[in-house]
Amino acid sequence: MSTVVKAAGTPTSAKAQAGEIVVSSVGKSYGEGQFVKEVVKDCSFTIERGKLTVMIGPSGCGKSTLIRLLAGFEKPTSGSIKINGKPVTGPGKDRLVLFQESALFPWMTTYDNIMYGPRARGEDTKEARSLAEMLLDKVGLRAFRKKYPTQLSGGMQRRAELARAMINNPEVMILDEPFRGLDAMSKELMWEYYSRLYEESGRTNFFITTDIDEAIFLADRLLIMTNVPTQVRAVVEIDIPRPRDLVSLVDDDRANEVKMEALSLLHEEAMKSFAGGSKAAADFIEAYSKRLRTKKE
Amino acid sequence: MSSSRRSFFHRSTLRAFVSILVFVALWEVGARSKQWFGIAVPWVGNIPAPTAVLHVWMGLVRDPGYWQSWYLSLLRVLAGFLTAMVIGIPLGLLMAVSRNFNDTFFPTFEMLRPIPPLAWVPASIIFWPTQELSITFVTFLGAFFTVVINVLGGAESIDVRYFQAAQAMGASKWDTFRRIVLPATVPSIVVGSSVGMGITWNVVVAAEMISGGGSQAGGNGGGLGYFIWNSYVGGAYEQIVVGMISIGIAGYICSELLRMLGGYLTPWLRTR
Ligand SMILES: Nc1ncnc2c1ncn2[C@@H]1O[C@H](COP(=O)(O)OP(=O)(O)OP(=O)(O)O)[C@@H](O)[C@H]1O
Ligand SMILES: [Mg+2]
């Protein structure tokens, strides 16, 4: 696999280049004895520095579990995770995780939420404040800076969270289905917005999703996961030049090729869990086979 | 301001007024039934009528002794309540954040908690040098356990995602405590203190009745609880009702002040 940084993902600093994560033969089980549940099994992959790696897999396959391991909030049952060559032993400032469910602090205004990181580290400086102002503009929340999270819509909350993470300038940004539950319109706006942020910063990003269109629009590399217990089923390099355009991507042959490939793999994985009688998997198959049919026509 | 004045004439306010008016009217008719119709309505026929109570009250308003009762009860409530807050909030927070501290103090706390505050009255009178201190102590106990258990419960039920988010952004233990644990617990502190305030009034009145309000205070100067008891002993039934309504009003004012303070401390909950 080449480590050549793609044209638009130009790294701006040494920091932006750091943050390689190597996951080797990681396993994770919950419970004991007859109740043991193996969620991740012999899973290995590399998140290359400065790249946007997207992980896609059926719902419930163990993606969020992997995130908790990467974040350092839980420890793998077996195997190892290394960041910049050093083993992960706990949470660290080098990684920033945006969890699946919004975790803005309800008792802080948008601005205070964004400023949380710098203040927590005793860096409530002029630079940090002007960075916060810039981010407020970027995520389009200037008018909502003094509002509390409950006064924001779901999409605004996600944007505020994104800004709160960005201000910390971590080496690695890890995002767990950050746009889940948004309507199609705001989702596409968020994709464009987020990929612009990524292209500007050039920092290492790891992005989890169950949405194939989202995955292809955003990814430099796509990790397709198996069903639970999860492993990497396939790695697809998505060499579509940046900045990408949603409209032209629809007619892009390479994009459609990747999409078909990914969908058939995901379909297979979902089938496996369907055999296990999972309702969620049945819904998943339903949704994806519908898409496959419309695409093939 | 204007919005609160508008809401004063709101339908719910109107209903509240009608409800109170009907209640007082029925009470008046019941209490005067013997005088008006010749037959006393059972129970209600024996209690003083609202108009008679009002008449006595008007007289008492000019009596410094009556205000002295207010003052003494309020003082005891405030002293007991504030002490309960000052000791209870840090204790609850400490138990929530420190495993060791919790292991050490929680069992003792849980053993003392079920004892009703009033069961402490005799022991308290023996233990504390002055009657004033023993009443205040019992009042303190009334609020203390409620405050601690609410603070502890509130701090322990904080969503783990907030801690994870804070930790991931490089927050220290102290910063996490100050800017996550503390604000996240404020709503529980507010709830705990308003429940505690209610209990405090229950306790102070009962304690004043049991302890006699302090023989050294003399006569009509032992707080609203003693005021009621003294009126009962002296056969001044209208005064009993005045005492009861006074406690109701005092308790209501205290709760309302706490609610306002609570709202001020939790601006993010007002937006719901
Ligand atoms: N703490 C836990 N104890 C036991 N089982 C768990 C635990 N956490 C997760 N699991 C199980 O692991 C599996 C994967 O969960 P996970 O949340 O990682 O899935 P996911 O891929 O993120 O799904 P989704 O896309 O729906 O968010 C599920 O079957 C879940 O029941
Ligand atoms: Mg998940």
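Structure notes:
- Exposure proxy ranking, count of Cβ atoms within 10 Å, fewest first, for B:Phe109, B:Phe140, A:Phe105, A:Phe35: A:Phe35, B:Phe109, A:Phe105, B:Phe140
- Region A:103-169, relative contact order in percent, only Cα pairs under 8 angstrom and at least six apart counted: 51
- The base-10 log of I(q)/I(0) for region B:97-222, evaluated at q = 0.12, 0.14, 0.15, 0.17 Å⁻¹, reads -0.60, -0.73, -0.79, -0.91 [Debye formula, identical scatterers on Cα atoms, solvent excluded].
- Residues B:Ile39, B:Ile189 arranged by fewest to most Cβ contacts within 10 Å: B:Ile39, B:Ile189
- Cβ-to-Cβ counts within 10 Å put B:Tyr252, A:Tyr194 in ascending order as B:Tyr252, A:Tyr194, the fewest first.
- Using the Cβ-Cβ distance between B:Leu78 and A:Glu133 with R0 = 30 Å, the FRET efficiency computed as 1/(1 + (r/R0)^6) comes to roughly 0.10.
- The trypsin sites (Lys or Arg not before Pro) of region B:49-157 that meet both conditions, a loop assignment by DSSP and at most 16 other Cβ atoms within 10 Å of the site Cβ, are B:Arg62.
- Based on C-alpha pairs under 8 angstrom that are at least 6 apart in sequence, chain A has a relative contact order of 25 percent.
- Taking 7 Å steps out from each Cα toward its Cβ at B:Asn202 and A:Glu74 produces label points 4.4 nm apart.
- DSSP H segments from chain A that extend 30 Å or more along their own axis, Cα-based, with Kyte-Doolittle mean of -1.0 or above: A:253-275
- Pairwise inverse Cα distances across chain A, averaged and inverted, put the Kirkwood hydrodynamic radius at 20.0 Å.
- Over region A:31-98, equivalent-ellipsoid semi-axes from the Cα gyration tensor in Å: 22, 15, 11
- Helical mean residue ellipticity (222 nm; -39500 (n - 2.57) per DSSP H run of 4+; nearest 500) of chain B: -25500 deg cm²/dmol
- For A:Val97, nonlocal amide neighbours, meaning residues 5 or more places apart or on other chains whose placed amide H falls under 5 Å from its own, are A:Ile174.
- The protein assembly as shown, Cα convex hull volume normalised per residue, Å³: 247
- Using a cutoff of 8 angstrom between alpha carbon atoms and counting only pairs six or more residues apart, the relative contact order for region A:222-265 works out to 32 percent.
- Translational D in µm²/s for region A:103-169 (Stokes-Einstein at 4 °C, 1.567 mPa s, Kirkwood Rh from C-alpha pairs): 113
- Chymotrypsin sites (Phe, Trp or Tyr not before Pro) restricted to DSSP loop in region B:1-107 with at most 14 other C-beta within 10 Å: B:Phe9, B:Trp43
- Percentage, to the nearest whole number, of Cα pairs in region A:49-195 over 24 Å apart: 35
- Length gained when the stretch B:Met244-B:Arg99 is fully extended (0.36 nm per residue, less Cα-Cα span): 47.7 nm
- Pairwise inverse Cα distances across region B:48-269, averaged and inverted, put the Kirkwood hydrodynamic radius at 19.1 Å.
- A:Ser264-B:Glu110 pseudo-label distance in nm [points 7 Å out on the Cα-to-Cβ vector]: 6.1
- Dividing the Cα radius of gyration of region B:144-202 by its Kirkwood radius returns 1.12 for Rg/Rh.
- Shown here is the pair-distance distribution of region B:41-149: with all Cα-Cα distances grouped in 10 Å bins from zero up to the longest one, the shares run 13, 29, 24, 20, 10, 5, 0 percent.
- Spin-label model distance (nm) - B:Lys173 vs B:Arg11, 7 Å beyond Cα toward Cβ: 5.5
- Computed [θ] at 222 nm, deg cm²/dmol, chain A (DSSP H ≥ 4; -39,500 (n - 2.57); rounded to nearest 500): -12000 deg cm²/dmol
No value in this document is a laboratory result; all are computed from the given coordinates. No experiment lies behind these values; they were computed from the predicted model shown. Cβ coordinates were reconstructed from backbone atoms using ideal geometry, including for glycine residues, and neighbour counts include every protein chain displayed.
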